[in-house]
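A short worksheet on the structure shown next.
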Amino acid sequence: MAVAAEKGYTLSRKGEALVFSTGRFSAERESVLHKGIYNKDFASALSSLSIAGLVYVALALNYRKTILFHIVFAAIFIGGYPLFRTFAFKDRLLEALFDRTRGLAEISVTGLLGRHAESLPLSAVKNVLIEKRKVGVENPDAVEFVEKISAQHGQTIPGFGEEKTYYMLKLILADGSGRLIYSDTEMQDVIDAHEEIKEFLKI
């Protein structure tokens, strides 16, 4: 029995308000090395290991080496990983609120540096459109380098180094500008979000 893939967004109704949230709201070309090697989990583990190593060296230089050093190292490394992943390398989240009661639309992005929000009249949202964008690889040599490293470790990165097609969901405002609120390689998910938001806004 096939398991349905999880959507890249959530939509919820709260009275006369619709809340759309997603972690996928960028269709920019990503760094090959970052995408292939330095993901957030790896960066969190590396940061935690670095701090644990520095503490270990500091203890070793100032005190007689005991098994306590190893215990401190393990505690910092194991305890540091979730802290770095939660606070330093946390996922960015976009939330779009459409409130008919207050006649307000608010788009906010929460990330490492806090929360940035933009509020505008709901009447300023004139349309909801889907655009398509193809993103290729700028540096094939870097792709080859990462693939070699992955092969040496017996790992593969599905879809790595391939051209990607993004389907972008945009709010079109009265002044002609647009706000990208969702971007995904799965066209159907973007279509579903588009239909639900457009139906709610009645545009």
### Task
Please work out if Arg92 is loosely packed, with under 15 Cβ neighbours inside 10 Å and modelled with pLDDT of 75 or more.
yes
### Tabulated pairs, the range 42-59, first within 13 Å of Phe84 (Cα to Cα), second part of a helix (DSSP H, G or I) and among the polar types (S, T, N, Q), C-beta under 8 angstrom, 6+ apart or interchain
none
### Task
Using the structure shown, decide if Ile157 is modelled with pLDDT of 85 or more and either surrounded by 11 or more Cβ atoms within 10 Å (Cβ to Cβ) or under 25 Å from the mean Cα position of the chain (by Cα) (or both).
no
### Query
In the range 185-202, how many residues are over 18 Å from Val19 (Cβ atoms) and buried (at least 20 other Cβ atoms within 10 Å of the Cβ)?
0
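The values are calculated or read from the model by the stated rules, or taken from the named source; none is laboratory data. Fair warning: this is a prediction, and the values are worked out from it, not measured in the lab. Please note: Cβ atoms are built from the backbone with ideal geometry, for glycine as well, and neighbour counts cover all protein chains shown.
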